[in-house]
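The values are calculated or read from the model by the stated rules, or taken from the named source; none is laboratory data. These figures come from a predicted structure and were not determined experimentally. Ideal geometry is used to build each Cβ from the backbone, glycine not excepted, and the neighbour counts take in all protein chains shown.
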Amino acid sequence: MPKVGVLLSGCGVFDGAEIHESVLTLLALDQKGATPVCCAPNTNQAAVIDHATQEPTSETRNILKESARIARGEIRDVATVKADELDALIMPGGLGAAKNLSNFAEKGTDCSIDPGVEKLVSDCLAAGKPVGAICIAPATLARIAANRGLKAKVTIGNDAATAQAITAMGCVHENQPVTEIALDAKHKIVTTPAYMLAPGPAAVYEGVRKLVDKVLELAAPA
């Protein structure tokens, strides 16, 4: 039974992990008999957004504790998760992927990465373990890959500004519709646009299901 890291970034589309994308990832993994290992940085969110008004608040929230809501309490500090424990890793989207896993939302191509996130993702890439990324998360993945000198191919759909930033970081962007994936077979990277394009969860699930299937296929012993 493959073990797949699911790297969360909080709970909620505007300041954490996108809940539909995260739950649909867990559903697709469960349907394939894979064991998820949910993890997140154990630090405070970059910001907290009132999801009813979409306005910032003065609250402080911990990324790990918020992610535990999605993981039903089964959550680990990403800094304690080792690549050799996992067969693959998947990063759901939501603005937390670009605010909490990295600061891409603020800094763009000059973004920095949470140290625990960068180590786990980098170690998975170095070990040839498949890495999937959903929605805006491929931008953070592109920064990590570029930091390793990898010219990774990813998709975030067809948003021109984000695609240009990915290219500027030294990676390759491939336009894809919401129900499809981009495959970088050389680096075992799989990405899908999800709510960068999706009209609703059914379309998101098509892309996420294909991503999970491909990640597990790449993780299977030769």
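Scanning region 1-42 for residues that are more than 18 Å from PRO138 (Cα to Cα), hydrophobic (A, V, I, L, M, F, W, C) and part of a loop (DSSP other than H, G, I, E, B) gives MET1, CYS11, ALA34.
None of ILE134, ILE63 is within 27 Å of GLU174 (Cβ to Cβ) and surrounded by 20 or more Cβ atoms within 10 Å (Cβ to Cβ) except ILE134.
Scan region 95-108 and tell me whether some residue there is among the polar types (S, T, N, Q) and part of a helix (DSSP H, G or I).
Narrowing region 95-108 to residues among the polar types (S, T, N, Q): 100, 102-103.
Restricting the remaining residues to those that are part of a helix (DSSP H, G or I) gives none.
Checked region 95-108: no residue is among the polar types (S, T, N, Q) and part of a helix (DSSP H, G or I).
Have a look at LYS119, LYS188, LYS210, LYS153 and point out the one that is basic (Lys, Arg), touching a Cys at 6+ places or on another chain (Cβ under 8 Å), in contact (Cβ under 8 Å) with a residue 24 or more places away in the chain and over 23 Å from PHE14 (Cα atoms). Lay out the reasoning, then the answer.
Working: LYS119 fails: touching a Cys at 6+ places or on another chain (Cβ under 8 Å); LYS188 fails: touching a Cys at 6+ places or on another chain (Cβ under 8 Å); LYS210 fails: touching a Cys at 6+ places or on another chain (Cβ under 8 Å).
Just a single option satisfies the conditions, and that option is LYS153.
Comparison of GLY108, GLY116, GLY207 shows that the only residue that is modelled with pLDDT of 95 or more, closer than 20 Å to ALA28 by Cβ and in contact with a helix residue (DSSP H, G or I) (Cβ under 8 Å, 6 or more places away or on another chain) is GLY207.
Only residues that are assigned to a loop (DSSP other than H, G, I, E, B), in contact with a strand residue (DSSP E or B) (Cβ under 7 Å, 6 or more places away or on another chain) and of a type outside the set (A, V, I, L, M) were counted in region 119-158, giving 4.
Which residues, taken from region 80-94, are in a helix (DSSP H, G or I) and either among the acidic types (Asp, Glu) or surrounded by fewer than 16 Cβ atoms within 10 Å (Cβ to Cβ) (or both)?
Taking region 80-94 and keeping what is in a helix (DSSP H, G or I), we get 80, 83-85.
Across region 80-94, the qualifying residues are THR80, ASP84, GLU85.
Scanning region 189-205 turns up no residue that is in contact with a Ser or Thr (Cβ under 8 Å, 6 or more places away or on another chain), among the small types (Gly, Ala, Ser), under 21 Å from CYS39 (Cα atoms) and part of a helix (DSSP H, G or I). Testing GLN54 on (1) modelled with pLDDT of 95 or more; (2) within 23 Å of ALA198 (Cα to Cα); (3) polar (S, T, N, Q), one condition comes back false. Which one is that? For GLN54, the failing item is (1).
Checked against (1) over 17 Å from PRO130 (Cα atoms); (2) crowded, with 22+ Cβ neighbours inside 10 Å; (3) of a type in the set (A, V, I, L, M, F, W, C), VAL13 meets all criteria but (2). Filter region 155-181 down to residues that are hydroxyl-bearing (Ser, Thr, Tyr) and in contact with a His (Cβ under 7 Å, 6 or more places away or on another chain) and give me whichever is nearest to GLU106 (Cα to Cα). By that ranking, first place goes to THR167.
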